[in-house]
Amino acid sequence: MKISYNWLKEHIDPGISATDLAPHLLQLGFEVSSLERRGPAFSGVVTAQILEIGKHPNADRLSLCTVTDGSRKLSIVCGAKNIAVGQKVPLAVIGAKLPGGREITPAKIRGVESQGMICSASELGLPGENGGILVLSPETAVGADFSKAQSGGDDIMEVEITPNRPDCLSHLGLARELSALFRIPLKERPAPKVDASGDCWPVELEAKDACPRYLGRVLTGLQVGPSPGWLAAKLEAVGLRSINNVVDVTNFALMDIGQPMHAFDLDKLEGGKIIVRFARKEETIRALDEKEYKLTPEVLVIADAKSPQAIAGVMGGLASAVGAKTTKAFLESAHFAPPAIRKSSSLLRLRSDSSYRFERGTDLAAVSTASRRAAELILSVCGKQARSSGERDAGQSAPEKIVIHTTVSRLNAILGADFAKAEAAETLKRLSAACETKGDDIAFTAPSWRGDLASPWDLAEELARLFGYDNVPAKASAVAARPSRITPGQTLADKLRARLAGFGFHEAYNYDFVSDRLLERCGLKGDWARLANPISEDWTILRPSLLPGLLQNAAFNLNRGASSARLFELGKVYAKTEAGVEERTQLAGLVLGPAGEPFWRGPEPARGAIYEALGAASGLLEGVPGLSWTEGAGRDPFFGAVGWRQVASAKGALGAVGKIQRPVARAFDLEREDACLFFLDLDRLCEAAAAARRFSPYSQFPSVTRDLSVLLDAKTPYASVLAALPKPGELSRETALIDLFTGKGVPPGKKSLTLRFTFSRMDRTLRDDEIASAMEGILATLKNKLGAVLRS
C-alpha cells in the first residue's frame, strides 16, 4: 500500500523523516519495501497572473496572453483552452529548466514571440493533470518562486500490510499505530457537519448476513467536474488516477480512513429504492472496467428495482456510474461480511482496492462517520447548490464489543518478560480508551477497528510490538523438543520408495488436481470431487488416480527424446462419497520402453514390459501374508477387459498390474511403446503388511540335506506341493525346488520334480533314522494327497 508521508502527517507528526520512520514501522510489523522521494524537478518557474487574453494573429487555436510576474508584463503564446483573465498560473520564464532536461528559451510561435510558457501540471512533473494549464488558488501571491510553494515535496512509502491488520490499510490506521508507539496523540479533526434536508431512498437488506450494515444518502445539485488540485494530487501520490470530484472523494475516504465507498448516478436508478441481495440466475452486469460479468446466486449485488447496479464491495456498474452530466447521486457506505466479498471476487476473478479491504474486514462503526465526512467534502467541491439528504441506515449500527479479561502477570508469562504493571497497563490504554485496570487485573475492550484482538495472547503480542521484540528476553524453552514419531504409513512409503529406486524407477511428482480433459483421455467417467474455486481450468478436479499423471509424464519424456521410462508416484487420491470426499494413499508405477543401456541389452523378449511390471509389483508386496493373484475381472478403464491381473489379501483388493489398453495409449501417443502400469492401495497394504520380522536363532549343529525326485500330474502347481508337505515336527526343515523336467523318460501328462530338503535340530546332531523317517513321511504324504510316485 502506498502511503504519502505528507498525508500521514495530517493525522500525526512523528517529528522524524520518512527514512527514519521505516524501522519503527518494521517494529510494528509493517515493512517499508520502497521509499520514493518526490519533489519539484524544475527551477525558474514563478507564479503569475493573466491580465489580458487576445487572439493570435496567425493561429486560430492559439491565444496571446499578457501576464505579470509582479514586476513586469510579459507576452505569452498559449494553446490551452481553460485560460481566463485573472487566473493565477505557474509561468516558466526565459532560462527556466523543466523536468526531462527541457530549458525555456526565447522563441517565436507562428511568427509571434513568446517570453516564456504558462505550464500545465504534467509539464512540471506534478500530479493533478486535467487537460489544460495548472490553475492556482486565487490566494496565491504573484511573483513567488513556484518550486518553494510545493511544500518541499513528499515521501511515498510502499508499506506491506499483513492480512490480519486491515485496519492499517489507510493513513489513519497507520497513524493510530504510530500514536501508540510514540505516545503522541492523533491530531484532532473537527467532526464532519452536513446540513441534511429531505429523505433518502429506502434500503432493503435481503442478505443481512452478507451485509450487516448499509448506509446511504442522496446528494443533489451536484456539479461534477475535475477535482481541486490538492485532491487530485493526494490521490495521484498514492497511485490513484483522478476521475472526477465525486468519485475522487470516495477514493479519498478509502485511502484516508480505510472505508470503501461508492456513488451511483441517481437518475440512472429505477424503482425508488436500493436492494442489497444475491444475484439471480442469468443476471449480468457491465462493471466500471467495461467488462461484462455473468453473475451467479453466490455473488452479492447492489440493485435497484430492476437489475444489479454494482457488485457489492467489489466494483460498481458502468450503467450507473457518476459522470459529467450527473446532478444527483446516491452515496453508499456499507459493511460487508468478508466471506461474501471474497467469494464474489474469486468467482468473477475481479479484484479492486475495495474488495481487498472488505475481504479482510472493515470497521462497522466507521460506516456512518465515513459517510458524513465524504458528504461534507462532496458538498464543498461540487458547487454551491449541492445538498445532502438525511442518512438511511439499515442493519446493525454498532459492532459487538469484545472484552478481554486478563492480568499483566499472565501477559508477562506468555512473553517470558517482566514488564512493569503500570507501564504495561498504560501501553494497552493507548490501544483502547476503554481499557480498565485494577492492580494486576485488566479488562480490555477491543476498539471496533481491531477485529484481530480476541484473547490474552493477542494482547501479549501487542505489548511485544510496542515495547519492541528486542526487549523481550530470549529464554530457552523449558519443554524438551522431541522428534515426532514416524507413522507406519510413512515407514512403508519410505521402504517402497527405496525398493523402486533399486528397481531402476524414478519418482514423479504431480499436482493433486487434474482436468476433465485429462480424465476423458484416460477413459475415466464418474462423479468426481471438484474444487469449488479452481485456480485454473487444468486443475478443477481432485485426482481419482495417480495413473493419468504418470501417462502425461511418460508422453512428456518421449516427446523430448527419451527412449524408455520407469516412473512411479506415491501420493493421495480422492473419491467423492455421500459423507464428503474420501482421501487415500496410492502408489502407481509405469514401465515404458526397453530396459538397460542399448550396448548391454540383448533382444527384448516378447511382452517384457508386463513381466517387469509384475516383478516390480511382486517385489513391493514381498512379505505380505495371504496374497492371491487373479485374472482381472471386468473391464478396467486403463487395462481393458483382458490381460491384467489383480492382487488381494485378507484385507481386500490391493491393486492391479496390466498393459495399457490401446485407446488410452493412443490418446497419449504411447501406442507403440508397450506401456504397462501398476498401482497399489497403500492404506490397505499398510493394514495387510506382516508384523516386523524378528531374528530367530539358528542351530549350532550340522544340517543334513536330502533330495527327493517324484512324478506328479503335469498340471499340479508347485504351490500345491508346498502346501501338501507335512509339518516338520521337532525338526527344522527348508524346502527348495532344484529341478523340473518333462520329456524322455517321463510318462506323458506327467512332470518330474526334484525337491531338496535341509534338516536340522536346535539341541543335537541328527541321527540317520530320524532323517529316513522324515523322508518316508514326506513321500507318503505326497503320494496320498497328490498321487506322487517316487521316480526311479
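The values are calculated or read from the model by the stated rules, or taken from the named source; none is laboratory data. A quick note: this is a predicted structure, and the numbers were derived from the prediction, not measured. Note that we place each Cβ from the backbone using ideal geometry, even for glycine, and neighbour counts take in every protein chain shown. Just the protein is used for accessible areas: all its heavy atoms, side chains included, with ligands, DNA and RNA removed. Shrake-Rupley method; radii C 1.70, N 1.55, O 1.52, S 1.80 Å.
So how far apart, in nm, are the two label points at Thr369 and Lys715 if each is 7 Å from Cα heading toward Cβ?
The answer from the label model is 9.3 nm.
Quantify, in whole percent, the carbon and sulfur part of the accessible surface of segment 203-395 (1.4 Å probe; protein heavy atoms only).
That fraction is 49 percent.
How much net charge surrounds Ala656 when only other residues with a Cβ under 11 Å from its Cβ are counted (Lys, Arg +1; Asp, Glu -1)?
-2
Solvent-accessible area of Phe556, probe 1.4 Å, all protein chains present, reported in Å² to the nearest ten, please.
In the full protein context, Phe556 sits at about 110 Å².
Which aspartates and glutamates have a Cα less than 15 Å from the Cα of Lys193, not counting those fewer than 8 places away in the same chain?
Lys193 reaches Glu376, Glu391.
Let me have the 222 nm mean residue ellipticity of the chain computed from DSSP H runs of 4+ only, each contributing -39500 (n - 2.57), with the sum over all residues rounded to the nearest 500.
-7500 deg cm²/dmol
Spelling out what I want: for every residue of segment 320-332, take phi, set θ = phi - 60°, compute 6.51 cos²θ - 1.76 cosθ + 1.60 (Karplus), and round to whole Hz; glycine and proline get x.
10, 6, 6, x, 4, 8, 5, 10, 10, 9, 10, 9, 9
What angle, in degrees between 0 and 90 and rounded to the nearest 10, separates the Cα long axis of helix 608-620 from the longest principal axis of the Cα atoms of the chain?
With both axes taken from Cα atoms, the answer is about 90 degrees.
Which residues in segment 419-461 have a backbone N closer than 13 Å to a point placed 7 Å from the Cα of Arg183 along the Cα-to-Cβ line?
420, 422-430
How would you order 99-112, 251-264, 274-287 from highest to lowest mean count of nearby Cβ atoms within 10 Å?
Listed from highest to lowest mean packing, they are 251-264, 274-287, 99-112.
Taking Lys281 as the anchor, which lysines have their alpha carbon closer than 29 Å to its alpha carbon, excluding any fewer than eight residues away along the same chain?
Hits, sequence-local ones excluded: Lys208, Lys268, Lys273, Lys291, Lys294, Lys306, Lys343, Lys525, Lys576.
Subtract the Cα-Cα distance of Ser71 and Lys384 from 0.36 nm times their separation in residues, and report this length gain in nm to one decimal.
Result for the pair: 109.1 nm of gain on full extension.
If the chain between Gln490 and Lys273 were fully stretched, how many nm would it gain, using 0.36 nm times the residue separation less the Cα-Cα distance?
Additional length available on full extension: 72.0 nm.
Accessible area per residue of the chain at 1.4 Å probe, in Å²?
In whole numbers, the chain has 52 Å² accessible per residue.
Net charge near Lys273: determine it from the other residues with C-beta under 13 Å of the C-beta of Lys273, scoring Lys and Arg +1 and Asp and Glu -1.
-2
Just to be sure I understand: of the beta bridges DSSP finds with both ends in segment 203-395, what percent are antiparallel, rounded to 5?
In segment 203-395, approximately 90 percent of DSSP beta bridges are antiparallel ones.
Any idea how far apart Ser122 and Ala498 come out in nm if each label point goes 7 Å out from Cα toward Cβ?
The answer from the label model is 7.0 nm.
Could you list, in their original order, any pairs among Lys2/Lys429; Lys88/Lys328; Lys187/Lys234; Lys715/Lys785; Lys715/Lys744; Lys715/Lys783 whose Cα atoms are separated by more than 22 Å?
Long pairs (Cα-Cα over 22 Å): Lys2/Lys429; Lys88/Lys328.
Name the GluC sites (Glu not before Pro) in segment 665-773 that are in a loop by DSSP and that have at most 16 other C-beta atoms within 10 Å, would you?
Glu671, Glu730
Set the Förster radius R0 to 35 Å, insert the Cβ-Cβ distance between Asp20 and Asn533 as r into 1/(1 + (r/R0)^6), and round the FRET efficiency to 0.05.
Plugging the Cβ-Cβ distance into 1/(1 + (r/R0)^6) gives 0.20.
Where a Cα-Cα gap under 24 Å defines reach, which lysines qualify for Lys475, not counting those fewer than 8 residues away within the same chain?
Lys421
Report the label-to-label distance for Thr162 and Arg517 in nanometres (one decimal), using points 7 Å from each Cα along the Cα→Cβ vector.
4.1
For the chain, what proportion of DSSP beta bridges, expressed in % and rounded to the nearest 5, is antiparallel?
Roughly 95 percent of the DSSP beta bridges within the chain come out antiparallel.
So if we plug the beta-carbon distance of Thr577 and Glu426 into 1/(1 + (r/R0)^6) with R0 = 41 Å, what FRET efficiency do we get, rounded to 0.05?
FRET efficiency, Thr577 to Glu426: 0.10.
What does the net charge come to around Ser17 if you take all other residues with beta carbon closer than 15 Å to its beta carbon, with K and R at +1 and D and E at -1?
So the surrounding residues net to -2.
With Rg/Rh (Cα atoms, Kirkwood Rh) in mind, check (1) 1.05; (2) 0.97; (3) 1.19 and report the label derived from this structure.
(3)
Only sites in a loop by DSSP and with at most 15 other Cβ atoms within 10 Å count here; which trypsin sites (Lys or Arg not before Pro) in segment 490-566 make the cut?
Answer in residue order: Lys525, Arg560.
Given R₀ = 35 Å, what would the calculated FRET efficiency be for Val624 paired with Lys208, taking r from the Cβ atoms and rounding to 0.05?
Once the sixth-power term is evaluated, E becomes 0.05.
Want the number for Arg662 to Lys291: 0.36 nm per residue separation, take away the alpha-carbon distance, what's left?
Stretched out fully, the Arg662 to Lys291 stretch lengthens by 129.0 nm.
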